[in-house]
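Student: Before we start, here is the structure in question, set down as structure tokens.
The values are calculated or read from the model by the stated rules, or taken from the named source; none is laboratory data. As the structure is a prediction and not an experimental result, all values here were calculated from the model. So basically every Cβ, Gly included, is an ideal-geometry build from the backbone, and we count neighbours across all protein chains shown. These area figures cover heavy atoms from the full protein model, side chains too; ligands, DNA and RNA do not enter into them. Shrake-Rupley method; radii C 1.70, N 1.55, O 1.52, S 1.80 Å.
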Amino acid sequence: MLFKRNFSNLHNPFSSWKALLECCDWYGVTCNDTKNLIISLTVTYHDLNITIPPSLSNLKYLEIPRLQKIPYLVGKIPLQILKLSYFTSVTI
């Protein structure tokens, strides 16, 4: 949920990200089959200038972040991303 709070104008896909739901049921989230750990995250954000938040590194089992259709992705990639030891690729 910290990742969600990093965005100022929350709309889809974040509307399904509610604390009462299992995070593996959230739109754009894929978990592994055995331990329900987030391994893939797809964020589509059409109309705002956004940066990759440092809180992305809190998803320590994340393998593939997909930041799609974000024409206004700005700023530097946070160094905290280096903490993602399972990280294999990024799709932008």
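Student: What nm distance separates the two modelled labels at S55 and V74, each placed 7 Å from Cα along Cα→Cβ?
Tutor: 2.0
Student: If you rank V29, V74 by how much accessible surface each has, with a 1.4 Å probe, what is the order from largest down?
Tutor: So the residues, ranked largest to smallest area, are V74, V29.
Student: Which ³J(HN,Hα) values, rounded to whole Hz and listed in residue order, are derived for the stretch 66-73 from phi using the Karplus coefficients 6.51, -1.76 and 1.60 in 6.51 cos²θ - 1.76 cosθ + 1.60 with θ = phi - 60°, glycine and proline given as x?
Tutor: With coefficients 6.51, -1.76 and 1.60, one gets 10, 10, 10, 6, 10, x, 10, 6 Hz.
Student: Within the stretch 23-90, what whole-number % of the accessible surface is contributed by carbon and sulfur, with the 1.4 Å probe and all protein chains included in the calculation?
Tutor: Exposed carbon and sulfur together represent 54 percent of the surface.
Student: In the stretch 23-90, what % of DSSP beta bridges are antiparallel (nearest 5)? Don't skip to the end; give the middle numbers.
Tutor: Working: 3 of 9 bridges.
The antiparallel proportion sits near 35 percent.
Student: If I model a spin label as a point 7 Å beyond the Cα along the Cα-Cβ vector, how far apart are those points for Y86 and D25 in nm?
Tutor: 2.1
Student: So, one more: Show K60, K35 ordered by accessible area, largest first, where the area counts protein heavy atoms only and the probe is 1.4 Å.
Tutor: K35, K60
Student: Assign one of three labels to the stretch 23-90, namely rounded, prolate or oblate, based on the Cα gyration tensor with a ≥ b ≥ c the square roots of its eigenvalues; rounded applies when a/c is under 1.5, prolate when it is not and a/b is larger than b/c, and oblate otherwise.
Tutor: Cα axes put the stretch 23-90 in the oblate bin.
Student: Here is a further query. Could you report the stretch 23-90's accessible area per residue, 1.4 Å probe, as an integer in Å²? Don't skip to the end; give the middle numbers.
Tutor: Values: 4260 Å² over 68 residues.
The answer is 63 Å² per residue.
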